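Step one of this worksheet: look at the structure below.
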Amino acid sequence: MVTARTRFTQLGALAILMAVLLLVTTPLIAGAQDYIVDQANDGFEPSLFWSIWLFAPFGQEFTPTYDHVDVVEMWSYDLQGGGIPSVLMVQIRVDVIDGPVIGTSDYVSVQPDDDGPAYFAFAAPVPVVPGERYVIRLLNTGDWNWGVGVEDGTGYPGGRIIYYGVPDETNDAWFREGVLHPTSVSARSWGAIKSLYR
């Protein structure tokens with residue numbers, strides 16, 4: 001016979017089981033936004049950081065192989081140390097730092113003493129043409145001085161870092177960009193591909 005006490009114990013055990021399942025599956029849900037990296041310069045941990053404010057307009061060129069961009073990551077760093085949160089965002093621009101804006105990310109709140117990749121997502125896929133040049137322009141819309149991780153050298157052959165609005169051949173930013181749902185890398189027919197080898 002099921003008593004009220006037994007029913008209460010069963011409900012308590014069920015609640016504990018559900019809480020455990022939620023804790024176990026939450027990382028899986030959070031990981032659902034993993035993405036396919038298309039272009040990146042991420043083979044180093046930055047020790048050099050340039051101010052987004054001081055070097056504005058600041059950005060990094062890239063040359064995609066997919067036909068859209070869903071995600072950008074840039075290594076952000078609190079240059080003032082232990083300050084207040086700030087708000088960053090990125091734009092995707094065509095060809096040059098002041099080219100047409102084709103995509104603007106959601107705002108990202110970065111916290112005091114953050115030191116690592118900041119994840120920028122777009123409300124809709126940003127359409128790009130594979131093989132063409134684009135610029136990730138980083139904007140600090142908050143009230144605190146934030147930096148971006150930079151490589152002392154050129155590790156990315158598909159573009160250049162831009163600071164003061166001018167491309168520089170001697171450095172590259174730490175960055176990644178990619179897609180959540182890949183489509184064709186290039187919209188070429190079989191006939192078009194064959195014609196390349198005639």
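The values are calculated or read from the model by the stated rules, or taken from the named source; none is laboratory data. Computed from a predicted model, the values in this text were never measured in an experiment. Neighbour counts run over all protein chains shown; Cβ positions are idealised from the backbone, glycine included. To get the accessible areas, we keep the full protein, side chains included, count just its heavy atoms, and leave off ligands, DNA and RNA. Shrake-Rupley method; radii C 1.70, N 1.55, O 1.52, S 1.80 Å.
With a sphere of radius 12 Å drawn around the Cβ of GLY43, what net charge do the other residues whose Cβ falls strictly inside it have (Lys, Arg +1; Asp, Glu -1)? The partial results should precede the final answer.
Values: positive: ARG176; negative: ASP42, GLU45, GLU151, ASP172.
Once all neighbours under 12 Å are counted, the net charge is -3.
Extending each Cα 7 Å along its Cβ direction at VAL37 and ALA56, get the distance between those two points in nm, one decimal.
So the label points at VAL37 and ALA56 sit 2.9 nm apart.
Be a star and scan the stretch 134-151 for residues whose amide nitrogen sits under 13 Å from the point 7 Å along the Cα-to-Cβ vector of VAL94.
Within reach of a label on VAL94: 134-135.
What net charge is computed for the residues neighbouring LEU180, neighbours being all others with C-beta under 10 Å from the C-beta of LEU180, Lys and Arg scored +1, Asp and Glu -1?
Values: positive: none; negative: ASP34, ASP70.
Around LEU180, the surrounding residues sum to -2.
Would you pull out the residues with amide H under 5 Å of HIS68's amide H, same chain only if 5 or more places away, H placed 1.01 Å from N?
Here the answer is VAL128, since their amide H atoms fall under 5 Å of that of HIS68.
What residues qualify as long-range amide H neighbours of LEU48, i.e. H under 5 Å apart, gap of 5 or more or another chain, H built at 1.01 Å from N?
Long-range HN contacts for LEU48: VAL150.
Averaged per residue, what accessible surface does the stretch 76-147 expose to a 1.4 Å probe, in Å²?
Working: 3290 Å² over 72 residues.
Accessible area per residue: 46 Å².
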